[in-house]
1. Among the lysines, which fall within straight-line cross-link reach of LYS45, defined as a Cα-Cα distance under 20 Å, with same-chain neighbours fewer than 8 residues apart omitted?
2. What accessible area per residue comes out for the chain, rounded to a whole number of Å², with a 1.4 Å probe?
3. What residues from segment 186-225 fall in the zone where the backbone N is under 16 Å from a label point 7 Å along the Cα-to-C-beta line of ARG126?
4. Rounded to the nearest percent, how much of the accessible area of segment 111-225 (1.4 Å probe, protein heavy atoms only) is carbon and sulfur?
5. Relative to the longest principal Cα axis of the chain, at what angle does helix 139-152 sit, 0 to 90 degrees, rounded to 10?
6. By accessible area of protein heavy atoms, probe 1.4 Å, what ranking do HIS36, HIS54 get, highest first?
7. Excluding residues fewer than 8 places away in the same chain, name every one of the aspartates and glutamates whose C-alpha is closer than 19 Å to that of LYS73.
8. In whole Å, how far is the Cα centre of segment 11-34 from that of segment 171-225?
Amino acid sequence: MLYIVATPIGNLEDITLRALQTLKEVDFIACEDTRHTKILLDRYKIQKPLISYHQHTKVQKIDYLISLLRKGKNIALVCDAGTPGIDDPGSVIIAKAYKEKIKIVPIPGPSSLSVALSVCGFLTQRFLFLGFLPKKKGRQTLLKNIKSSAENIDAKIIVLFESPYRILKTFTDLKNYLGDCEVTVCRELTKKFEEIFRGRLSDAILRYTVQKPKGEFTIIIKLDN
């Protein structure tokens, strides 16, 4: 079986009992960064063979993982933080496993997407999730169409991820294309320096011009009526 195991997005105590039991019982753990995953495993005294699996993984590595599954081995797929397969390279091996008729078992848990939505304070019956915006190719086209894409599904909320290196550019671009919308900015969720900021896009630009942005960001934008 291929287990899709959600792991903490920051605080290591947020892992579920079922996730821990699964990690203890599988034959291998496929992870983005073995060093990062080892921190979690060491915390809970789990020793298992680790196989690196990330966005630059070649086809041969994917085929190797599939071959282990076909031989009857159980593999837990984890990402560096949160739930695998959400704007994450894990979706490739999951799709391949389905094609090979391999059983897939989700082990739910933390996700920065759901955590941020739970504290944003906006009505979130429908939302448009964009993951990380393109760095260059396709970025302007996506930004031009972002509002109409949300309106097509009757969504008033847009959710995206961003790194500290591009956060100011993204805030500026969003303001230019969407106007000075309300926004909830979540940074370093569940970690020591967790920060949840609410205001307008112009407020966010000012805040992170003065305060050097650090950590990963989850941004929730409320489109103005």
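1. Straight-distance partners of LYS45: LYS24.
2. Roughly 55 Å² per residue, with all protein chains present.
3. Only 222-225 fall inside the zone, counting backbone N under 16 Å.
4. 52
5. 90
6. So the residues, ranked largest to smallest area, are HIS36, HIS54.
7. GLU25, ASP27, ASP63, GLU100
8. Here the answer is 31 Å between Cα centres.
The values are calculated or read from the model by the stated rules, or taken from the named source; none is laboratory data. Predicted model, so just to flag it, every value in this text is computed and none were measured. Note that each Cβ is placed from the backbone with ideal geometry, even for glycine, and that neighbours are counted across all protein chains shown. SASA here: full protein model, heavy atoms, side chains in, ligands and nucleic acids out. Shrake-Rupley method; radii C 1.70, N 1.55, O 1.52, S 1.80 Å.
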